[in-house]
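Here, each number is a calculation from the coordinates, and none is a lab measurement. Since the structure is predicted, the reported quantities are computational estimates derived from the model, not experimental observations. Counting neighbours? That spans all protein chains shown, and the Cβs are built from the backbone with ideal geometry, glycine included.
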Amino acid sequence: MKKPVIITFAVGLVLLGFFYLLPVLVNSYLNKNAETIVSNMIVRTNDFAGHEVNFGKISLDYNYQGTFLEMDSVHIYPGEKLKQENKIKFNLSFKEASLTGFQWVDFLFYNSIHLDSAYIANVILETITPDLEEITGKMEQGKGNQGENYKKISLNHFRVNQAYFQNKDSKTDSTRLLIKDLFIFADGFSLTDQDLESQQALFSVDNIEGYLEDVQLHVNDYINVVEAKELAFNTSEQKLSIEKIGFNNKLRKYSYINRFVKETNWMEFNDARLEILGMDFQSYFRQGVIVADELQLDHLNLEVFRDKRKVEDTSKRPKMIHEIIHELPKSIWLKEINFENMKITYQERPDTKAPSSGKIFFDQVNGEILGFTNFQDKLAQNDTLKILAKGRLMGEGQIDMQADYLVNDEEGRFFIKGSIGEMNLTSLNNMIMPATRVALKGGRLDNLYFDIVADEFDGTGDVIAKYHNLEIEILDKNYKRNRNIFRDIGAFLANKIVVRTDNPQKSGDLQKGEVYFRREKHKFIFHYWWNLILSGLKSTITGDTEQDLRDKASN
């Protein structure tokens, strides 16, 4: 009886010794070959095929629960076999990285990577790449790097503590994308090979929370910058917020527009705050669909400038609103869009000898947009996009308007109605004088009402403008108010014969303005809106009928 016991005890000791010795042997092998093993895991993928990897300090620690990996720096760079035009340069470093629970079974038998947790701190990633569309085109034609992507990369817990990323154009050395101070906390992260091939899916994640101090996207030959500061998102709270968002131009107005042969807009906006509430992040991550209960936009200050002395580009075809919605690259449903305290300024240098530009602005703009969607099932139930807005014209006249767009209407039919409150008409001189060499010497608007129906071709309707003491004067060739007999006679005839001084007149006769304007298809929708209302205001003053306006548009 003693011999079997001894044998069993001896076998047990051997197994126990092997149990304790195996991790030691495995760790010895892993650490001797750590750089080769980890390098091969990186460069076997399609994105990094043909690259070489250098490490600073790297250590592996295996136990029966998985493998722990720690690194303090990595450098990835293109190898000699890569063609010069395809080279993508990486410079990746971090102060600390620890990965725990690496499963060798998943890696060796299922071509997958599974980790219990990954923690990376103080990451700096700098890349220099050719044109991104050029790379994508070559990849689609099968000319890209040939590697093997993992079937799945999954992490139970993922943490990034302060990351910096910069991508530059290899030809111009200009920054394309810049991200500063990125922090990420994610659980249940998974990225599959199907996700990489999908045009919609990004990845799967149970929950993710992140913060960005600053992100910049440089566009339009790196002249313009889209910048967001203090961006935060949280899937548990279904919330995304940006404390400051802007679209900035690196060049001054004339320096920018003189780069172009034909008319183009110089545009900027800044200091806007954006918040999205009730966002379905999972729909976005899995299907690329944007669904949210509310988008709030505050303190947007938009400024647009155009030089009419440039040749007009009549080949452009800006989209109508119904076309823009249908042609959005992603499916979207924003149940409610609210905007508060916005300011919109438009400046135009006319094709005249005026010494300055004309200017019109709207401030204290508040309102909401309802029914913003391109979901076909939603549009089948109700295809009306409703825009409600209030604000001030030139800091005075209170505006209250509503626009209803029939998104499914083939001709883009829409309805606009609203009012403008009392204001001094001389406030419009900053807009009128540079373009016409005519000034409003006096006059006060009591109120103005408009009701218009239009489509992508033209629009009609009514404008009722009540005003009194309207008087104009003609400026000299230098756009000054220097009087002479000829200008005085011209102004007198205009005031007495052409222009109605009061509406209603002293007799009580009220002139109702008739609206007609034919859309200029190469101009933006704002030009169309404004001229529809302006046509009714002109006919109020001159007495033109809708047919008169149609005849003038045809000539």
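How much length, in nm to one decimal, is gained on full extension between Gln381 and Phe203, taken as 0.36 nm per residue of separation minus their Cα-Cα distance?
Working it through step by step, the gained length comes to 60.9 nm.
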Separation between the Val438 and Lys250 pseudo-spin-labels, each 7 Å from Cα along Cα→Cβ, expressed in nm? 4.5 nm
Using 7 Å Cα-to-Cβ label points, what is the Asn469/His157 separation (nm, one decimal)? 7.5 nm
Straight-distance crosslink candidates among aspartates and glutamates, where the alpha carbon sits under 13 Å from Lys262 and sequence neighbours closer than 8 are dropped: Asp307, Glu312, Asp313
On a full-extension model of 0.36 nm per residue, what is the gain between Phe183 and Asn220, subtracting their alpha-carbon distance, rounded to one decimal in nm? 10.4 nm
Would you mind computing, in nm to one decimal, how far apart the modelled labels at Asn265 and Ala121 are, each placed 7 Å from Cα along Cα→Cβ? 4.7 nm
From Cα pairs below 8 angstrom and at least 6 apart in sequence, can you work out the relative contact order of segment 408-448, rounded to a whole percent? 46 percent
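So if each residue of separation counts as 0.36 nm, and I subtract the Cα-Cα distance between Asn258 and Asn430, what length gain in nm does that give?
Gain on stretching Asn258 to Asn430: 59.5 nm.
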For Gln296 and Ile332, what is the calculated FRET efficiency with R₀ set at 22 Å and r taken between the beta-carbons, to the nearest 0.05? 0.85
Estimate the FRET efficiency between Leu370 and Lys171 by the formula 1/(1 + (r/R0)^6), using the beta-carbon distance for r and 45 Å for R0, to the nearest 0.05. 0.50
